[in-house]
Amino acid sequence: MTTTEINRVTGPGAVRAKARGGFRGMRRRVTALALGWGFVALLLGLWEMAGRADTTALLPPFSVVATELVDLITGDALMTDIMPSLARALAGFVIGSLVGVVLGVALGWWRGLEPWCRSALEFLRAVPAPALLPLAILAFGASDTTRVGVIALGAVWPVLLNTTDGVRRVEAGYIDSARVYARGGRAELLRRVVLPAATPQIMAGLRVGLALSLIMMVISEMIASSSGLGNLILRAQRLYALDQMYAGVLLLGVLGWLLTLLFSAVERRALAWFYGLKGQDR
Amino acid sequence: MTEQTKQAVPMKERTDHTLLEVTGLGKHFSLGTGPTTHAIGDVSLSVADGEFVAIVGPSGCGKTTLLRCLSGLLRPDQGQVRYAGEPVNRVPGDLAIVFQEYNRSLFPWLTVRRNVEFGLTDLPRAVRRERAREALERVRLEGFADHFPWQLSGGMQQRVAIARAIALHPRVLLMDEPFASVDAQTRTALEEMTASISAALGLTTLLITHDIDEAIFMADRVVVLSARPSRVVAELQVDISRPRDELAVKALPEFSELRRRIHDLIGASPAAEA
């Protein structure tokens, strides 16, 4: 039997993945993108009109806020507020993620730990992290370390719980294969099979953790802080600088959107196999 | 590879060198809080070095459980498994398994090549590459090394699984219903390919299947199991010369005779417990 013969026998369309995408898929994606951005433009247009018609000065038009936003990014606020905010959010996210992944793997791997930790974890995760902020400030001072700590505390739960679940629910067939073909024992099993298999769920946890990090960042900066975007919004409100207040909110939205976009790009690279496996069109 | 390759040795000589031996194997299962299932009653069998043995039995007769006990993946409740004279406590290093569900046994995050190389981490990179190339060539997938398994059809994925097994340069190859999840045409091609690979590499092969034709076509000896709790009902020698051609073999009177006998043996065994 020749190569072509047996490869033919094994089925037409054997190499399916390459056929996906193509011209039609591309056109569909462009259309979806155009519709999405068109709707955003429509909302901004409505904002602009409402802002111009507003006589109470509570709603400045979009154009005014956008100008203020550009001023923020190009002015002193970049270094005094925006960058510190981003640094805190990212530091908190990274620390929370690391702790979450490490503890999550431990809990998923050593099942004997679960009965011990279950109730405590259920309780701790039910406590909203912002509620701990006043206590943290009292105990550790109104410092960046405290804020980063509280942000990490907010991000840790989704990462931890998803990682535990992902590690625990690795396909039994993968484990069998590993026991036959990976002879290096438990550590090798964890590194070469369990962690890769759990990655999709770990990433799902990280995505939620990232969003929570931004929320925790804003909250932590609204209490006992003298810098950061959360503080900037609060300052602007107290000075009745509504243009700047709106610009701060808009900037937070843009930053959150950009970070999610960046995260999605990383995720698509890391999980290319997963999306291919699920037959999802990217 | 070449130094391991053995030419077909006459059956009488082979049976003198038992490689895998099972004595009085029994296994119970309890699924959750439900009643225990008596999967394997009392199974004793031996596989000689270089022999191709097929184990057939009615569905749900604990064939897969038997294979898992044989390979060291599962500990039996009673009896003993000896591999090359040693009791089996874990999967022996020169034993490879091809599982039924290729989509749950190949790693989807690794390319075909890295899947095939998976068991070879102790070897230098160049040797690994060479082994993978050689194994993929044997299953005629040399052009697909950089694909992911899920980009291939079912039959091709199962060939990747076979390549992963033979890349290990195993002495024993265990196969658990390896072709049950592929379509009929592909199945015939895979049976022929696997039988010839097993012969070319001089592997000791144990095939678990519910397909009587497949068992006779591929094996030197067919072990027939009863329904749960399983025990060995009969062992039948398949005296058909190799290499075997599927169509020619199935036209032989010996084939029909064996097929009828095995069919009767399976049908006559007591019905499976509820």
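The values are calculated or read from the model by the stated rules, or taken from the named source; none is laboratory data. All figures in this text were calculated on a predicted structure; none of them were measured in a lab. Cβ placement follows ideal geometry from the backbone for every residue including glycine, while neighbour counts extend to all protein chains displayed. Areas reflect the complete protein model, heavy atoms only, side chains present, ligands, DNA and RNA absent. Shrake-Rupley method; radii C 1.70, N 1.55, O 1.52, S 1.80 Å.
Going residue by residue through the stretch A:158-175, is there one that turns out to be more than 30 Å from B:ALA167 (Cβ to Cβ), touching a Ser or Thr at 6+ places or on another chain (Cβ under 9 Å) and among the hydrophobic types (A, V, I, L, M, F, W, C)?
Yes.
Looking only at the stretch B:45-56, decide whether some residue is in contact with a Lys or Arg (Cβ under 7 Å, 6 or more places away or on another chain) and within 14 Å of chain A (Cβ to nearest Cβ).
no
Listed residues B:SER181, B:SER198; which is closer than 15 Å to B:ASP94 by Cα, among the small types (Gly, Ala, Ser) and away from chain A (no Cβ under 11 Å)?
Checking each option against the conditions leaves just B:SER198.
Looking at B:GLY154, B:GLY93, which one is within 23 Å of A:GLY184 (Cα to Cα), at the interface with chain A (Cβ under 8 Å from one of its Cβ atoms) and surrounded by fewer than 22 Cβ atoms within 10 Å (Cβ to Cβ)?
Only one candidate qualifies: B:GLY93.
Among what's in the stretch A:74-91 and is of a type in the set (A, V, I, L, M) and open to solvent by 70 Å² or more (accessible area, probe 1.4 Å), pick the residue that is modelled with the lowest pLDDT.
So, considering only residues that are of a type in the set (A, V, I, L, M) and open to solvent by 70 Å² or more (accessible area, probe 1.4 Å), the one modelled with the lowest pLDDT is A:MET79.
Looking at B:LEU73, is it within 14 Å of chain A (Cβ to nearest Cβ) and in a loop (DSSP other than H, G, I, E, B)?
Judged against the criteria, B:LEU73 is a match.
Looking only at the stretch A:113-136, count how many residues are open to solvent by 50 Å² or more (accessible area, probe 1.4 Å) and among the hydrophobic types (A, V, I, L, M, F, W, C).
Residues meeting the conditions: 9.
Give me the helices (runs of 4 or more DSSP H) completely within the stretch A:163-227, filtered to those with at least 2 residues that are open to solvent by less than 50 Å² (accessible area, probe 1.4 Å), touching a Pro at 6+ places or on another chain (Cβ under 9 Å) and not assigned by TED's automatic domain parsing to the domain that holds A:LEU135, ordered by residue number.
none
Name every residue in the stretch B:101-126 that is more than 17 Å from B:VAL139 (Cα to Cα), part of a loop (DSSP other than H, G, I, E, B) and at the interface with chain A (Cβ under 10 Å from one of its Cβ atoms), in order of residue number.
B:GLU101, B:PHE107, B:PRO108, B:TRP109, B:LEU110, B:THR121, B:ASP122
Looking at the stretch B:129-139, which of the residues that are open to solvent by 60 Å² or more (accessible area, probe 1.4 Å) and within 13 Å of another protein chain (Cβ to nearest Cβ) is nearest to B:ALA96 (Cα to Cα)?
B:ARG138
For B:ARG129, indicate whether it is farther than 22 Å from B:ILE208 by Cβ, assigned to a helix (DSSP H, G or I) and in contact with an Asp or Glu (Cβ under 8 Å, 6 or more places away or on another chain).
Criteria met by B:ARG129.
Give all pairs with beta carbons closer than 8 Å in which a residue from the stretch A:226-254 that is among the polar types (S, T, N, Q) meets a residue that is not in a helix (DSSP H, G or I); count only pairs at least 6 apart in sequence or on separate chains.
A:ASN231/A:SER225
Taking the stretch A:240-282 only, how many residues are closer than 15 Å to A:ASP71 by Cβ and either outside any helix (DSSP H, G or I) or within 14 Å of chain B (Cβ to nearest Cβ) (or both)?
So the answer is 1.
With respect to B:GLY119, is the statement that it is modelled with pLDDT of 90 or more and open to solvent by 10 Å² or more (accessible area, probe 1.4 Å) true?
yes
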